[in-house]
1. So residue 84 ticks every box in (1) more than 30 Å from residue 194 (Cβ to Cβ); (2) assigned by TED's automatic domain parsing to the domain that holds residue 191; (3) of a type in the set (Asp, Glu) but one. Which box is left unticked?
2. Scan (1) assigned by TED's automatic domain parsing to the domain that holds residue 91; (2) loosely packed, with under 15 Cβ neighbours inside 10 Å; (3) polar (S, T, N, Q) for the single condition residue 189 breaks and write down its number.
3. Taking interchain pairs and intrachain pairs at least six residues apart, which have beta carbon atoms under 9 angstrom, with the first residue in region 78-89 and of a type outside the set (D, E, K, R) and the second at pLDDT 80 or above and not in a helix (DSSP H, G or I)?
4. I'd like the full set of residues that are in contact with a Gly (Cβ under 9 Å, 6 or more places away or on another chain) and either surrounded by 12 or more Cβ atoms within 10 Å (Cβ to Cβ) or at pLDDT 95 or above (or both), limited to region 97-112.
5. Condition first: within 20 Å of residue 88 (Cα to Cα) and touching a residue at least 40 places away in the same chain (Cβ under 8 Å). Now tell me which residues in region 135-164 satisfy that.
6. Can you tell which of 191, 112 is within 30 Å of residue 76 (Cα to Cα), touching a residue at least 40 places away in the same chain (Cβ under 8 Å) and not β-branched (Val, Ile, Thr)?
7. Against the conditions (1) surrounded by 13 or more Cβ atoms within 10 Å (Cβ to Cβ); (2) within 16 Å of residue 179 (Cα to Cα), where does residue 70 fall short? Just the number, please.
Amino acid sequence: MTGLENIIKHIEEDAAALAEEKISQAKRRADQILLDARTEGERQVKNIEEMTKAEVNICLSRGESVAALNIRKKILSAKQQMIEDILKKAKVLLINMSDEEYFNVLLKMLLKYAQKMPGDIIFSEADKKRLPKKFDKKIKEALSNIPGASLNISNSERKIDGGFILVYEGIEENCTFDALILENREVLQDKISKLLFEQNTA
């Protein structure tokens, strides 16, 4: 699987549990907003004795409309926060995979991003320290079917959180997990929304 597919895999594994918890919280907040709005509307009506029955109903209706709007905003905010939480968790899970799994993911990412020319690959300090033995040979093997492609492990390091940076003729290509998620954000958000919200409304 590619880096993106690994992210989606972890999203699928964690989405259901997180969805149940977050949606339950959102519903409790929504119920409280509606109750508070109704109570406030009734209080205001009692304090205005000269109101006609029709005016009272209008006042209550307006209060409930405002409450309904607030509920929609709260639920939308909760959904957006759920998506952000899952994306962050997916990245953390990728970074915290075993060294073997993690660097196998990076090798598969290289097949997508490597160019048909010599270049350098830059890792973070943390990843440099846990590079598998003879990883340079594994890179060479992974790129063997891409004509002209070769990558030298750079002596420099970057402050990145998972993934790597490729350098070709002085031009850098950001292949970090953050960049991967950003590049595919709409795809991932759609995937998460379907997993979370369509399942819970079915």
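1. (1)
2. With (1) assigned by TED's automatic domain parsing to the domain that holds residue 91; (2) loosely packed, with under 15 Cβ neighbours inside 10 Å; (3) polar (S, T, N, Q) applied to residue 189, the lone miss is (2).
3. That search, which allows pairs on different chains as well, returns nothing.
4. 102, 105, 106, 108, 109
5. Passing the criteria: 161, 162, 163, 164.
6. Exactly one residue qualifies, and that residue is 191.
7. Failed condition: (2).
The values are calculated or read from the model by the stated rules, or taken from the named source; none is laboratory data. Owing to the predicted nature of the structure, the values given are computational and were not obtained by experimental measurement. Every residue, glycine among them, receives a Cβ derived from its backbone with ideal geometry; neighbour counts consider all protein chains shown.
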